[in-house]
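For reference, the structure discussed in these notes is given below.
The values are calculated or read from the model by the stated rules, or taken from the named source; none is laboratory data. In this text the structure is predicted, and so the values were computed from the model without any measurement. FYI the Cβ positions are ideal-geometry reconstructions off the backbone, even for glycines, and counts take in every protein chain you see.
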Amino acid sequence: MIDLVLEDAAENMDGAVSHARSEFSTVRTGRASSALFERLTAEAYGVEMRLQELASFSVPEARMLIVTPHDMANLEVIEKAIVNSNMGLTPSNDGRIIRLAFPPLNEERRRELARVVGGMSEEAKQRVNAARRSARKDLDDLENDGGVSSDDIHGAEGQLDEMKDARIAAIDEAQAQKEQELMEV
């Protein structure tokens, strides 16, 4: 039973770390990346659809992204979704594709984005701590129900703390990497 609790906690903590990394990838660094549009949606065919379902993305150069709609009827819908995303990008539409030029970030905007990444990091750490608390409660319930020695519970709690510390360190490392990427000029 203890192994199941620890396994579940590790899974939840790993999910928080991977979620944090995917969140970090949505923060614009001045380089073109289709990851910025993972959460953007547009209404097409009467339903909300993700932009990845409506178009393909290519990066011909570091600061240019080209969006090619699968169906040309959705070109304006995709362009509108990009404009409304508040990413600070101005799409250029030639009737077939949308070009997005990524302007270099100024120092103030870089610092602001670093704070956003810090907030995302804190949320991920809170998720890791919540998974630890939940597992800790499950371990306490196991001990109270009997059948599991307090020494085994104490050892499992130590493992749980090690898992938490490793996941927090992974989040901190990913945050530092993203912040370094943001501060590159």
Point to revise | Extreme residue, farthest from E179 (Cα to Cα), among residues of the stretch 29-46 that are buried (at least 17 other Cβ atoms within 10 Å of the Cβ) and at pLDDT 80 or above | key: A44
Revision key, fill the gap. Residue set V83, V67; condition surrounded by fewer than 16 Cβ atoms within 10 Å (Cβ to Cβ) and touching a Leu at 6+ places or on another chain (Cβ under 9 Å); output residue V83
Review point. Just one of the numbered conditions (1) touching a Gly at 6+ places or on another chain (Cβ under 7 Å); (2) loosely packed, with under 13 Cβ neighbours inside 10 Å is not true of L105; which one?
Key: (2)
Practice item. Give, as residue ranges, the helices (runs of 4 or more DSSP H) completely inside the stretch 72-185 that count at least 3 residues that are under 30 Å from D8 (Cβ atoms). Key: 107-145, 150-183
**Study point:** Scan of the stretch 5-14 for residues that are free of Cβ contacts under 8 Å to residues at least 40 places away in the same chain and in contact with a helix residue (DSSP H, G or I) (Cβ under 9 Å, 6 or more places away or on another chain), ordered by number
**Key:** E11
Review point. D141 fails exactly one of the following numbered conditions: (1) in contact with a helix residue (DSSP H, G or I) (Cβ under 7 Å, 6 or more places away or on another chain); (2) more than 30 Å from V27 (Cα to Cα). What is the number of that condition?
Key: (1)
Study note, to complete from the structure: For the stretch 14-28 the number of residues that are closer than 12 Å to M87 by Cβ and surrounded by 17 or more Cβ atoms within 10 Å (Cβ to Cβ) is 2
